[in-house]
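Visitor: Sharing a structure with you now.
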Amino acid sequence: ARSATVDVVFDNKEKGRWKQAVALKPVRPFEVYLLPHSHVDIGFTHLQHEVEHLQWDNFEAGIELAKKTAGYPDGARYKWNVEVLWAVDGYLKHAPPESRDAFIDAVKKGWIGLDALYGSELTGLQRPEELMHVTGFANQMERDYGIQINSAMISDVPGYAWGIVPALAENEVKYFSIGPNHMPHKAHGGYQVGLTFEAWGDVPFYWESPSGKGKVLFWMTRHGYSWFHDWLLGKLRRTQGTPILKFLGELDSENYPYDMVQIRYTLGDNSGPDADTPEFVKEWNETYEYPKFRIATTSEMFMAFEQKYGEKLPVHRGDFTPYWEDGAASSALETGTNRNTAEQLVQAEMLWTMLDPNHFPSAEFDEAWTNVLLFSEHTWGAVSSKSDPDIDFSTSQWNVKKGFADNAERQSKVLIDKILSNLKSPGDAVSAFLVFNTTSWERTELVKIPAAWKAAGLTVFGADGQALPAQMLSTGE
């Protein structure tokens, strides 16, 4: 029973003894899933290459803690979640073979949980094809190591374009853990974040794709990703669990329908594991019947939740309107360049597929798309960019960020020039023109040939050999 009434006998020297009915409410059997991870800001707190090395250190610290606690009771064994795969990509390329092997082994043992996004992206900036590349490295992990990644995390970012749903679902990512920035903001963001948490915090649902053919299990944590930035879990020893018990009491009073709760556990942006976590969980679970704490990977937590409650979850459709993307106006030129590059890469891929599929340069395309993704990633400057925008720490980070867009643009042009180079006529004379439709649909449009190509008297033939209308424009084209 959720509540009971019992008779309690009171004894007081002045008032004597009396009996009174007291309502007791037993502790609800909550199971609190802790997801330890580091929020990855690619820059901000440190220079980008320093962040990468910090994350590598986090991997190794997480593995050591998992190894140390492998014999602990179920739920107290340590696990580390890799929020995004950017640093994993670098680690697998540059770590010594024995470290790389230890990392893959830890993933397969369940000590390290991998989540599918390459970075915490500003999805509202991304073109559709770019969205399909956010899980590209996750797919590569499956090809190279037999590791299938079925969950994704996104942190800090408070809104997501609807296109992320088919991008995840079509790449077999079933689960989406959301940990927005819940810190107060003076700008419109603070108001929007408040509405977001009030409406969707701890309201898990299936988010259906625009076509209705795919869906992901979406679960936003009410306390975001940064609840523990100012305190540690071990504080609960001294407070008898007050902060978390208060939170669970709020859920109960709101008739929260599930006995499972997701809590992100990060100590700070780009920070590492809290070595006390498994000790605290072990002690707590041995002392108290409920709530029970469980250290888990994102995938493990979602699979347990879906198995227990999946049939009861609602289905929602629509855009979870992002709004941090308006900050990209501060770098409108580079943002426009990056979006154009994403379109150019699609064109380049089609040209290579049509003209030389046997020599398709997959590695070069992967590198270009990675640069596009890194520019769309949410870290848009250093922690000092507003207060001290001209110091080396700020400008150095921006140069790296801008470099992602610049490199992607250069790489896309090289890929197009390379595939078209064999089609050019020798010398200055132009004897024929080829027109390629690089879209996936039929097109009937006006084709303009530059005046510099001296196309006067040009005759155009269709596929049937019949001449097509052509004329010289006043512009010379």
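The values are calculated or read from the model by the stated rules, or taken from the named source; none is laboratory data. Just so it is clear, the model here is predicted, and its values are computed rather than measured. Neighbour counts are summed over all protein chains in view; Cβ atoms, including those assigned to glycine, are modelled from backbone coordinates with ideal geometry. SASA here: full protein model, heavy atoms, side chains in, ligands and nucleic acids out. Shrake-Rupley method; radii C 1.70, N 1.55, O 1.52, S 1.80 Å.
Visitor: Under 5 Å between amide hydrogens, which residues at least 5 positions from ASP115 or on another chain qualify, with H placed 1.01 Å from N in the peptide plane?
Guide: Sorted by chain and number, the residues that satisfy this are VAL82.
Visitor: With unit charges on the beta carbon (Lys/Arg positive, Asp/Glu negative), name the residue among VAL157, PHE404, PRO257 whose Cα is farthest towards the positive pole of the charge dipole of the chain.
Guide: PRO257
Visitor: Further question on the same structure: Long-range amide H contacts for VAL157: which residues qualify at under 5 Å (H placed 1.01 Å from N, peptide plane, sequence gap of 5 or more or a different chain)?
Guide: Here the answer is ASN181, since their amide H atoms fall under 5 Å of that of VAL157.
Visitor: Given that just one value was derived from the coordinates, which of (1) 117, 46, 45; (2) 70, 53, 45; (3) 71, 51, 41 is Cα extents along the principal axes in Å?
Guide: Given (1) 117, 46, 45; (2) 70, 53, 45; (3) 71, 51, 41, the calculated one carries the label (1).
Visitor: Quick one: net charge of THR353's neighbours, Cβ under 15 Å, K/R +1, D/E -1?
Guide: Combined, the nearby Lys, Arg, Asp and Glu give -3.
Visitor: A further question on this structure: In whole angstrom, note down how far apart the Cα centers of the stretch 81-110 and the stretch 303-378 are.
Guide: 23 Å
Visitor: Let me ask something else. Given H placed on each backbone N at 1.01 Å, which residues far from VAL460 in sequence or on other chains put an amide H within less than 5 Å of it?
Guide: For VAL460, whose amide H was placed from the backbone, the distant partners under 5 Å are LEU468.
Visitor: If the cut-off is a Cα-Cα distance under 29 Å, which lysines reach LYS109, setting aside same-chain residues fewer than 8 apart in sequence?
Guide: By straight Cα distance, LYS109 reaches LYS67, LYS68, LYS79, LYS93, LYS174, LYS215, LYS282, LYS292, LYS308.
Visitor: May I ask you to order 133-142, 48-57 by the average number of other C-beta atoms within 10 Å around their residues, highest value first?
Guide: With the highest mean Cβ count within 10 Å placed first, the list reads 133-142, 48-57.
Visitor: Continuing with this model, one more query. Per DSSP H run of n ≥ 4, the term is -39500 (n - 2.57); total these for the chain, divide by its residue number, and report the mean residue ellipticity at 222 nm rounded to 500 deg cm²/dmol.
Guide: Calculated mean residue ellipticity at 222 nm is -12000 deg cm²/dmol.
Visitor: How much of the accessible area of the chain, probe 1.4 Å, is carbon plus sulfur, in whole percent?
Guide: Ligands and nucleic acids excluded, carbon and sulfur reach 52 percent.
Visitor: Right, another one. With a 1.4 Å probe and all protein chains kept in place, how do ASP276, ASP464, ASP366 rank by accessible area, largest first?
Guide: Ranked list, largest accessible area first: ASP464, ASP366, ASP276.
Visitor: Once the Cβ-Cβ distance between ALA304 and ASN422 is put in as r, and R0 is 51 Å, what FRET efficiency do you end up with, to the nearest 0.05?
Guide: E(calc), rounded to 0.05, equals 0.40.
Visitor: Next question, about the same structure. Over the chain, with the other protein chains present, what is the accessible area per residue in square angstrom, probe 1.4 angstrom?
Guide: That works out to 51 Å² for each residue.
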